[in-house]
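First the structure, in the form of structure tokens, and then the observations on it.
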Amino acid sequence: MTAYRIRPEQAHDADAITAVIETAFRTAPHSDGTEQHIVIALRRAGALSVSLVAEVDGDVVGHVAFSPVTVSDGSAHWYGLGPVSVLPAHRNAGIGAALVEAGLAALRDRGAAGCVVLGEPGYYGRFGFECRPDCVLEGVPPEYFQCLALEGRHAAGTVTYHAAFSVGGPG
Ligand SMILES: CC(C)(COP(=O)(O)OP(=O)(O)OC[C@H]1O[C@@H](n2cnc3c(N)ncnc32)[C@H](O)[C@@H]1OP(=O)(O)O)[C@@H](O)C(=O)NCCC(=O)NCCS
């Protein structure tokens, strides 16, 4: 089994994170190849609320980002998960799940009300994310947009990601 460590991003990780995201998404379906630029733009804007890396033997092999979203019903403290990436050589070892779980725990620690994700329903369902007809991201098939209430009630409205995502999509 691969031994890995999940830890918060540090300043010196930025280039390694960019490289991991670029490589991981190169062969991913639905990718437009801009995911690494989104993370760079979020960091620059101070909107990388939670940014975790997975390390194997001191090398960054995975990354997950969470950033604030707004909801049209005024729900506060909601975040978007993504992008999440693991280098191909390290997949199917639980690293992606560990990044997501640790990220959700970090969100809880900072008092987050909930989290949304755009992605494969089959992957994110295992973390408790579910499609809700009243929680919407415009322009995407509804089955690919899922929500997870971390505290209190669900958000109900149209979700908007941080402007940094305009360099690509909320992958
Ligand atoms: C998605 C990703 C982060 C998963 O990383 P990982 O470390 O392999 O994840 P885990 O080991 O925790 O989980 C592997 C499981 O996820 C499943 N899985 C991986 N990608 C999936 C996808 N796109 N849709 C559905 N399931 C997927 C695998 O089949 C495996 O299933 P199993 O547990 O039932 O065997 C990685 O495949 C990746 O970087 N992909 C390219 C970038 C990407 O698509 N990111 C997600 C954007 S929505």
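Which one is most open to solvent (accessible area, probe 1.4 Å) among residues in the range 89-117 that are assigned to a helix (DSSP H, G or I) and near the ligand (Cβ under 10 Å from one of its atoms)? Show your work before the answer.
If we filter the range 89-117 for residues that are assigned to a helix (DSSP H, G or I), which is where we start, we get 89-90, 95-109.
Still in the running and near the ligand (Cβ under 10 Å from one of its atoms): 90, 95-101.
Numbers: His90: 48, Ile95: 2, Gly96: 13, Ala97: 32, Ala98: 22, Leu99: 0, Val100: 0, Glu101: 96 Å².
The qualifying residue most open to solvent (accessible area, probe 1.4 Å) is Glu101.
Across the range 118-131, what is the number of residues that are near the ligand (Cβ under 6 Å from one of its atoms) and of a type in the set (Phe, Trp, Tyr)? Show your work before the answer.
Taking the range 118-131 and keeping what is near the ligand (Cβ under 6 Å from one of its atoms), we get 119-120, 122-123.
With of a type in the set (Phe, Trp, Tyr) added as a condition, the list becomes 123.
Selection size over the range 118-131: 1.
The values are calculated or read from the model by the stated rules, or taken from the named source; none is laboratory data. This one's a predicted model, so the numbers in the text were calculated from it and none came from an experiment. Reconstructed Cβ throughout: ideal geometry from the backbone, glycine too, with neighbour counts over all protein chains shown. Side chains included, ligands, DNA and RNA excluded: accessible areas come from the protein's heavy atoms. Shrake-Rupley method; radii C 1.70, N 1.55, O 1.52, S 1.80 Å.
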